[in-house]
Amino acid sequence: MEALIQYVENEFVTKKEFPNFSSGDTITVYYEIKEGEKTRTQFFKGVVIQRRGSGATETFTIRKMSGTVGVERIFPVNMPALQKVEVNKRGKVRRSRIYYFRGLTGKKARIKEVRK
């Protein structure tokens, strides 16, 4: 059964090419929003909290601060409305899922940047 699912994913699901990013990186995601007849591009810039899944079902979670409120959004990698992903900063974290980041405020909430 898994072989059949793998075959269908490989043959029929179109793969989008995005730059490599991992948790701790600050990225900007551009996606399309439909409002009635019109479509417009909106962006969401924040820190990657996690990447989950593989293949066609892979998702990533981004967290940003909107004023004093933390906002998280989950994006499927193969979402048709996803236009592009830009990596703004590479972050150095020790874990692949940084849920502890939700509880940090102020200077503690900074992630060390990796320069290349």
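Out of the residues in region 33-74 that are of a type in the set (D, E) and under 15 Å from the mean Cα position of the chain (by Cα), state the one that is farthest from S96 (Cα to Cα).
Filtering region 33-74 down to residues of a type in the set (D, E) leaves 35, 37, 58, 72.
Applying the additional criterion that residues be under 15 Å from the mean Cα position of the chain (by Cα) yields 58, 72.
Details: E58: 14, E72: 17 Å.
Once the filter is applied, the top-ranked residue is E72.
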Quiz item: Could you count how many residues in region 19-32 are on the phi < 0 side of the Ramachandran plot and open to solvent by less than 40 Å² (accessible area, probe 1.4 Å)?
Solution: 8
Quiz item: Do any strands (runs of 3 or more DSSP E) lying entirely in region 6-77 carry at least 1 residues that are more than 30 Å from R115 (Cβ to Cβ) and at pLDDT below 90, and which ones are they?
Solution: none
Quiz item: G55: touching a strand residue (DSSP E or B) at 6+ places or on another chain (Cβ under 8 Å) and not basic (K, R), yes or no?
Solution: no
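The values are calculated or read from the model by the stated rules, or taken from the named source; none is laboratory data. Quick caveat: nothing in here was measured; it's all calculated off a predicted structure. Here the Cβ is made from the backbone with ideal geometry for all residues, glycine too, and neighbour counts use every protein chain on show. Remember, those area values only see protein heavy atoms, side chains included, never the ligands or the DNA or RNA. Shrake-Rupley method; radii C 1.70, N 1.55, O 1.52, S 1.80 Å.
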